[in-house]
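See structure below.
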Protein chains: 2
Amino acid sequence: MANITKKVSWSSRADESGATGEGTPLLNGSEQPRHSRQDSLRGRPKEIPHNEKLLSLKFESLDYDNIENQLFLEEERRMSYMGFRCLEISRWVVCGLIGFLTGLIACFIDIAVEELAGFKYQVVKENIEKFTEVGGLSISLILWAVLNSAIVMIGAIIVAFFEPIAAGSGIPQIKCYLNGVKIPRVVRLKTLVVKVCGVICSVVGGLAVGKEGPMIHSGAVVAAGVSQGRSTSLKRDFKIFEYFRRDTEKRDFVSAGAAAGVSAAFGAPVGGVLFSLEEGASFWNQMLTWRIFFASMISTFTLNFFLSIYHNKTGDLSSPGLINFGRFESDSVAYNLYEIPLFIAMGAIGGLLGALFNVLNYWLTIFRIRYVHRPCLQVMEAMLVAAVTATVSFTMIYFSNDCQPLGPEHTEEYPLQLFCADGEYNSMATAFFNTPERSVRSLFHNQPDTYNPLTLGLFTLTYFFLACWTYGLAVSAGVFIPSLLIGAAWGRLFGRLLAAITSSGSIWADPGKYALIGAAAQLGGIVRMTLSLTVIMVEATGNVTYGLPIMLVLMTAKIVGDYFVEGLYDIHIKLQSVPFLHWEAPATSHWLTAREVMSSPVTCLNRIEKVGTIVDTLSNTSTNHNGFPVVVQVTGSDEPAKLCGLILRSQLIVLLKHKVFVELARSRLTQRKLQLKDFRDAYPRFPPIQSIHVSQDERECMMDLTEFMNATPYTVPQETSLPRVFKLFRALGLRHLVVVDDENRVVGLVTRKDLARYHLGKHGLEELQLAQT
Amino acid sequence: MANITKKVSWSSRADESGATGEGTPLLNGSEQPRHSRQDSLRGRPKEIPHNEKLLSLKFESLDYDNIENQLFLEEERRMSYMGFRCLEISRWVVCGLIGFLTGLIACFIDIAVEELAGFKYQVVKENIEKFTEVGGLSISLILWAVLNSAIVMIGAIIVAFFEPIAAGSGIPQIKCYLNGVKIPRVVRLKTLVVKVCGVICSVVGGLAVGKEGPMIHSGAVVAAGVSQGRSTSLKRDFKIFEYFRRDTEKRDFVSAGAAAGVSAAFGAPVGGVLFSLEEGASFWNQMLTWRIFFASMISTFTLNFFLSIYHNKTGDLSSPGLINFGRFESDSVAYNLYEIPLFIAMGAIGGLLGALFNVLNYWLTIFRIRYVHRPCLQVMEAMLVAAVTATVSFTMIYFSNDCQPLGPEHTEEYPLQLFCADGEYNSMATAFFNTPERSVRSLFHNQPDTYNPLTLGLFTLTYFFLACWTYGLAVSAGVFIPSLLIGAAWGRLFGRLLAAITSSGSIWADPGKYALIGAAAQLGGIVRMTLSLTVIMVEATGNVTYGLPIMLVLMTAKIVGDYFVEGLYDIHIKLQSVPFLHWEAPATSHWLTAREVMSSPVTCLNRIEKVGTIVDTLSNTSTNHNGFPVVVQVTGSDEPAKLCGLILRSQLIVLLKHKVFVELARSRLTQRKLQLKDFRDAYPRFPPIQSIHVSQDERECMMDLTEFMNATPYTVPQETSLPRVFKLFRALGLRHLVVVDDENRVVGLVTRKDLARYHLGKHGLEELQLAQT
């Protein structure tokens, strides 16, 4: 035990706060997770940050509370009513731009995938037919596998070597960003470029992935870029939207961008708004919601418009979104009361399968973190998966004898004759060979007898494991479409079996309907969103009749799935040890108060502080604090110092950079006047303290913080209960919360990690350890 | 001017706060509204509360922040994890019950209206045909008018004499409740009964009203009743859900009830959730959202199920909601890019007409407040409106010659031959005679040539004025359906004219489509909701294809309408002088700080206070404070008292009622132990101080408030800017916010009215006057 305690006191250096880490005692030393204890005993520090029982201190927080210092207030007071109106209009303009650009990106991805996949399809089909005739079946398999691996390799290389943050769907990262955690490089232009190219490669490379998830990330990056009116990567500053250069405004725009992404991906503007609100916004503001809605609308509109041109149906706007589930005609597939229990059962199956998926992916991710962390290994794994995917598909197609007649009413754009008689096509090949979007649509809408049960069962099984293996690879790819595809396959199977059991051919056992419900169940079981997902599904099907069953199914899937394991995104967030704040404090945490939760003692600064002290404080790498309470000492009195403000590391850095010193020695008492603009220009990439040179003379100068500190930081008394602290912190999106005694003296500081540390485990309240890496 | 200033200082007695009203100076004395000045000069106090430039002090606030006193914390700490799970489950059960009961009520209203309207239709039709034959046209008119007036009279009498709060749609009242204002009697059982009977009478009486708005109110009442596990009116306490007997929990359930109401009314569960969030919830909590969603789902499901039994289609759940817009088949009525400008133009027309409607209704309401405030006058006005409605309809039908052939494909359930040749029916009569819901549906879906343009134009015109006159009568009735009907009529007219201008018969000029867009535009122009209304419309049409145009139209209507006048509900809220808090502080209010905003000096209580002092403080009718900061004085020191807690009037009342005194004289230092249960039993109808008898002996006792006060109230320093105070107050749903100096001494108290007072007028920031009534 001594070993662990020591480790904790090493690891609990406060990152966000100005508190010198003393290491708060563990709540339940005996309830430490077994493998974390083993790790620390065996001394394998490399694996510690990936333990889900740890919180990493490397993540900084975003400040969603305005820093109301004198400069800010003066600017706001100077601004006229018309000024605010102009700001409001420019917010709308920015949202419109975000929507437009996000729509364009979605359009580009869609067209690129379409063209490249069509080209690949032609090449493969010709070759397979050619080689099959001459008997060299293995040659066509090798050709296919190599082609896919090569394409995936390109995607994996740019992700693994150039921008690892662009891997995966990006939804966990955006969730964290909207929650208030600064994930490094997540909203940079480079990330966007890599993401877009990567997702095209993954989809064309035939991996079991979708292109929808990455759209959300892309939208967020677009928003973060456009709203700042400059690109730090390109070193261009357009000198516009300077007012928006702070976390509060940027977050709002990123919400809009994420919503625009969902909207473009699924043609679901309302679903997009709900997604942003469900994941991000802690405080529902009507104007903000409308702007988000506007961005979503413009996004789906743009995508629609350009795609309609591409498809030579200019001006026809009724097929929204990258994925289009096709139209369900409500008359033919109405549902009835006695189907509700069936739907609920399917929800439960979806929850179970989703939990299985998540558990498998969790183990896989742990394995990857331990053994596949070198970029070249990651690229090789991605290529392996591509090759295996191709081989498995090929084998399945070869051994499948599900040949369907190629009637005049067939809806496949690319029917594959492979190994079938003339006038027929191979339905297994259709399911495997098409882009996943098209496969989902054909599972929803094809004639009831299109796929035979064996095909569906085998397809479900193989695709399940392939998708599970694929998620978490170093490629840009989403998990929405594979989930839908798995669900649609087993849902259709369910419908077929149901029709076989009951009187065959009854209307209510339409397999397409069950495919839809199965898709919802599977997706719900994996990602566990409820409200927004319902709306997304309803908007994507274009029919609200299924609203109620989809809701029921998603709720059941969530309840069942939550019993076993968390949602996929939450698992990945936990594995990154991100200090993610949930909606409420754990229910049983009322016996904790701010006194126990806070970090203390706190490094405070005086209102007029020596430059040397400030530099030393900032340079102290062992603490690396980001916020400092400012106190005032009554001259000549013994009374302890009282809180008078709060200042951030970033502000101090800017002050030091601009040498805003009061040189007492030369009796020049006027400071250099600093504008809010100087802070905005430095946002968001403030230089490190090491890059700022302060001479020995300057170290003796004083710095007056009065003008720059937030003079009215939020405070709580020491006796405040944790849920109350949590509510204040979460509702206002704070970064630092000062704990004061009844004389208004600083006794501690509460930051994100202090609150995120407590969570409800199997055995009641647990406390996570803090780790520096 | 002296007169006004005096008046202000009289009227600014702080209601919520413990501040003795000193009357904060007016911001812009010269910008007082003209008629308010005239009023005060002429001394007409009766009209003052109905001036929209006043804030009434008679409204109390709800406390959405938990009162974390020792009793509460002890209970929470005692509760196990399982206890919290059980609570969570009972929350779900309550939401299920709310949904179920709301659905049942909607079902009852629907069936009652259907049956009674059918009956009335038979009687009227037979008589008209009979009397028309014998030539006595005026007799049938009189019969019709008298019948309608009689039915409306019943509805008006129960509303005007028994429960005036049940008048109108109830949406403004629910908005206020969710915003945090306690509207007296708004969620009582009696209100529900009167509302339900009243709305049946109004609809059957042929007024230009809908039954959908009142469903929202009904759902809210159901929620407030069910969640408390007792009925104070019926004097039944089921001893369940006692934990939920406080404002925080009750508000959450009322949100769910309102959502369930929307869901039942329009078959729009997602729209319901969004409505609740848009109007009420300041803090978006995921679990809460899901519960609200669940209630909505159950509600529409229940309604569907019972209506399907009633319509002999048991188990067919695909026609949700009281109003069903019918299914728009997307193939036939797709829209095209070049129609977008037309839609936007229709949105602008809707905004203009909506603003006109609101202005007319505003003047009418002012008139009613001044001259029609006696119940018997209100009943007479309602009867007059009913008679005029009947007469106008009759006249219109008589002079209309829009006879349509009664083909085999006609969709009217009740075609009226009135004044038409055999084999034809009168389409004007169809529009006027049916229930408004059915008229809306026929305007959306009937064959393009069903109504001729003159019929539509005249119908729009008359119905517009009738609906405007009707809203605000002392009857229970909604404005949703009349707005939709007006919009559908002019929208269809628009479509007809468009078809006439362009090549007749082109697909895109389908009048049904334009009727839908017109309906959305008109409704949006009147009520000005955007996101929730879009979703409601989309869910009610059962087709997401129109999502984008509906959004565009609603946004345009809102922007255009807001330029002239506020939304209808906001106008009525303002006319009631309710201290309604908007989403954000006025943009130009940064120069105001807590010091200017707060009420001061504050009546504080000591932690151990004399009973006599408490009774006197509470009995002081000139202040009527509801919250008191508790301070502690260091014994024998000269230092000023420091804040140590906050206690509410209601808590003190319970303490006094239970005689929780420390009798120092008899050295019985133990107080009677009071449980949280005692407070819950008294909630929410705490007795007035006058009903509690305290003897002279008891007045000399002391009372220890330590256990009962909220020991950690939120505080802000005096220099905090108004937007910051506002954000804290609004995000956390506070009732009292203590302003302290840097020694933690109480200097003021901020309450709802202090913040609601500032609003953005035409000439910048304005300050409203406070009035006692």
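Every number here is computed from the coordinates shown, using simple stated rules; none is lab data. All figures in this text were calculated on a predicted structure; none of them were measured in a lab. Cβ placement follows ideal geometry from the backbone for every residue including glycine, while neighbour counts extend to all protein chains displayed.
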With one decimal in nm and the nearest listed first, the spacings from B:GLY423 to its own position in the other copies, using label points 7 Å along Cα-to-Cβ, are 5.3
The rounded separation in angstrom of the Cα centers of the stretch B:528-590 and the stretch A:577-604 is 39
Estimated distance in nm for a label pair at A:TYR81 and B:ILE501, the labels positioned 7 Å out from Cα along Cα-to-Cβ: 3.6
Apply 1/(1 + (r/R0)^6) to the Cβ-Cβ distance of A:ASN312 and A:VAL93, taking R0 = 30 Å, and write down the FRET efficiency to the nearest 0.05. 0.40
Tell me, what ³J(HN,Hα) does each residue in the stretch A:154-169 have, in order and in whole Hz, if you take phi through Karplus 6.51 cos²θ - 1.76 cosθ + 1.60 with θ = phi - 60° and put x for Gly and Pro? 4, x, 5, 5, 5, 6, 5, 8, 9, 8, x, 5, 7, 5, x, 7
Inter-copy label distances at A:LYS239 (7 Å, Cα→Cβ; nm, one decimal): 7.7
Going 7 Å from Cα along the Cα-Cβ axis for the label, what nanometre distances separate B:GLU126 from the same residue across the other copies? 8.2
Please sort B:644-656, B:242-254, A:467-479 by packing, taking for each peptide the average over its residues of neighbouring beta carbons within 10 angstrom, highest first. A:467-479, B:644-656, B:242-254
Of all beta bridges DSSP finds with both residues in the stretch B:594-771, what is the antiparallel percent, to the nearest 5? 80
Modelled label-to-label distance, A:ALA345 and B:GLU743, 7 Å Cα→beta-carbon offset: nm? 7.5
Count, for each residue of A:67-75, the Cβ atoms from other chains sitting within 10 Å of its Cβ, then give me the mean as a whole number. 2
Cα gyration tensor, the stretch B:236-312 - rounded (a/c under 1.5), prolate or oblate: oblate
Average beta carbon contacts from partner chains per residue of B:531-537, 10 Å cutoff: 3
Relative packing of peptides A:195-207, A:225-237, B:731-743, B:182-194 - highest average C-beta neighbours within 10 Å first: A:195-207, B:731-743, B:182-194, A:225-237
Average partner coverage of A:740-752, which counts Cβ from other chains inside 10 Å: 2
Just to be sure I understand the model, the point goes 7 Å from the Cα along the line to the Cβ. What's the resulting B:PHE162 to A:ARG185 distance in nm? 7.1
Loop only by DSSP, 16 or fewer other Cβ within 10 Å of the Cβ. Give me the GluC sites (Glu not before Pro) in the stretch A:549-617 that pass, ordered by residue number. A:GLU584
Greater than 22 Å apart at Cα, pairs in A:LYS58/A:LYS762; A:LYS120/A:LYS211; B:LYS677/B:LYS753: A:LYS58/A:LYS762; B:LYS677/B:LYS753
Beyond 24 Å (Cα-Cα) in this structure, taken from A:LYS190/A:LYS313; B:LYS53/B:LYS175; B:LYS182/B:LYS574; A:LYS727/B:LYS727; A:LYS175/A:LYS239; A:LYS182/A:LYS235, we find A:LYS190/A:LYS313; A:LYS175/A:LYS239
